[in-house]
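Here the structure is laid out as structure tokens; the discussion comes afterwards.
The values are calculated or read from the model by the stated rules, or taken from the named source; none is laboratory data. Worth saying up front: this structure is predicted, and the values here are computed from it rather than measured. Cβ sites come from the backbone with ideal geometry, for glycine too, and all protein chains shown count toward neighbours.
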Amino acid sequence: MRIYASIHPSGPQLLWFQRSLFLTHPVSIVNIFKNNFMFKITKSVIITETRPWGRFERFTLNERSTIKLVYLDGDKRLSLQYHEKRSEFWKVVKGPVKVQVGNDTRTLQTGESLTIPVKAKHRLMGAGADAIILEISTGEFDESDIVRLEDDYKRD
């Protein structure tokens, strides 16, 4: 049994426990650990990577799913892309954010979510303010699985 937690002084708190994901306030996570739950806690390595559009924190990799918090700068956008081997679930932790899936573009507000099927072209776009998106990928995860169709930053 593993518990992964992202503890930040401010901002969203992420707790992954027994195949369940919780977004919560910092005090709530502290209370979970203070209440003497008898769980084996495995240290999770949180990987932070910077990209031209912002950054992401990766909490798990290929443990049935890969979990990230994506921090999108307000005026930036990710490449228009698709994946051969994975689907993605996005939940807006702090919005709004614009999303394109297929040929449809819409704005998602804080708390709204959507699922991107395998091979569906998609992109995240800033809506004027910095945004935070929870991304859960299922399937075979590999950053080289990204097929970029358009990219503002001239990446392959």
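Taking the criterion of being buried (at least 19 other Cβ atoms within 10 Å of the Cβ), of a type in the set (Asp, Glu) and over 15 Å from Arg55 (Cβ atoms), would at least one residue in region 82-89 satisfy it?
Within region 82-89 (the criterion being buried (at least 19 other Cβ atoms within 10 Å of the Cβ), of a type in the set (Asp, Glu) and over 15 Å from Arg55 (Cβ atoms)), the answer is yes, since at least one residue qualifies.
Name the single residue that is surrounded by the most Cβ atoms within 10 Å (Cβ to Cβ) among those in region 110-130 being modelled with pLDDT under 95 and within 9 Å of Lys94 (Cα to Cα).
Within region 110-130, the match that is surrounded by the most Cβ atoms within 10 Å (Cβ to Cβ) is Thr110.
Tell me the strands (runs of 3 or more DSSP E) entirely within region 64-156 that contain at least 3 residues that are touching a Gly at 6+ places or on another chain (Cβ under 6 Å) and charged (D, E, K, R).
On the way: elements: 65-72, 80-83, 86-94, 97-101, 104-108, 113-116, 122-126, 131-139, 146-150.
Answer list for region 64-156: none.
Residue by residue, here is whether (1) hydroxyl-bearing (Ser, Thr, Tyr); (2) at pLDDT below 90; (3) crowded, with 18+ Cβ neighbours inside 10 Å holds:
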position	(1), (2), (3)
Glu57	no, yes, no
Lys68	no, yes, yes
Leu72	no, no, yes
Ser79	yes, no, yes
Val97	no, no, yes
Arg106	no, no, no
Glu150	no, no, no
